[in-house]
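Working notes, structure below.
Any read-out appearing in this document is the output of simple, stated calculations on the displayed coordinates, not a laboratory observation. These numbers were taken from a predicted model, which means no experiment stands behind them. Virtual Cβ from ideal backbone geometry, glycine too; neighbours counted across all protein chains shown.
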Amino acid sequence: MAVIALAAGLGGAAAIWARYDDSASSSGGLDQPTTQPQREESPTTATSEHGETTTARASKQALGGQRHLRAATRSGRQGTGVVGRRSGVRRQALRPPRTADFHVRGAPKEPLDEITLPARARRLDAWLASARGPTGANQRHWLYQHAWIVTGAKFGWWHGAEALRVLIRVDRRVESQWGIGYRSEAVARRALAAVEARAKVSG
């Protein structure tokens with residue numbers, strides 16, 4: 001069990017560093033957005049041909065139809081732009097801002113395309129809620145997520161202390177359900193104490 005815990009812990013921390021190195025080398029940093037805004041395609045315009053020998057009434061109807069078509073096209077363009085802008089603003093508003101709780105020299109920045117540490121801890125809590133046995137795969141999953149949360153919190157990532165409190169609750173459930181997890185809980189508690197102390201100094 002000690003070997004599994006050590007391997008999973010090192011794997012979680014190594015994954016964070018490897019992700020940071022890959023992103024930094026390919027994109028020059030993690031601050032850049034992961035996706036580029038899509039270009040709006042210009043709407044196609046319909047044209048109609050009219051013969052010179054048509055009656056005056058038909059010509060007036062044709063001209064009126066062209067005016068109606070141009071007005072509808074302009075209205076459609078304006079409506080599409082407004083909806084696009086509003087949906088973009090709505091998506092930005094739903095994404096919570098992530099400011100570091102404190103700064104650690106040389107630590108990688110939190111990857112914004114990953115879920116936050118509190119969300120990761122809550123997912124782990126929900127994952128454990130179902131009847132899961134202490135299989136090797138389940139233990140590796142729990143230890144990997146545990147290592148990610150503890151390491152990210154030590155880096156000063158957003159709301160790391162909140163995530164660690166949830167993680168400690170998860171560890172206590174692991175202890176009661178699987179009969180293991182005491183060392184992991186101790187690791188999480190030490191990390192929580194260090195993170196809270198660091199946040200007080202930075203604040």
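Of all residues in region 110-143, count the ones that are within 25 Å of ALA199 (Cβ to Cβ) and of a type in the set (Ser, Thr, Tyr).
Residues flagged as within 25 Å of ALA199 (Cβ to Cβ) and of a type in the set (Ser, Thr, Tyr) within region 110-143 amount to 1.
Looking across GLY106, GLY179, GLY156, GLY160, one residue alone is in contact with a Lys or Arg (Cβ under 8 Å, 6 or more places away or on another chain) and on the phi > 0 side of the Ramachandran plot. It is GLY156.
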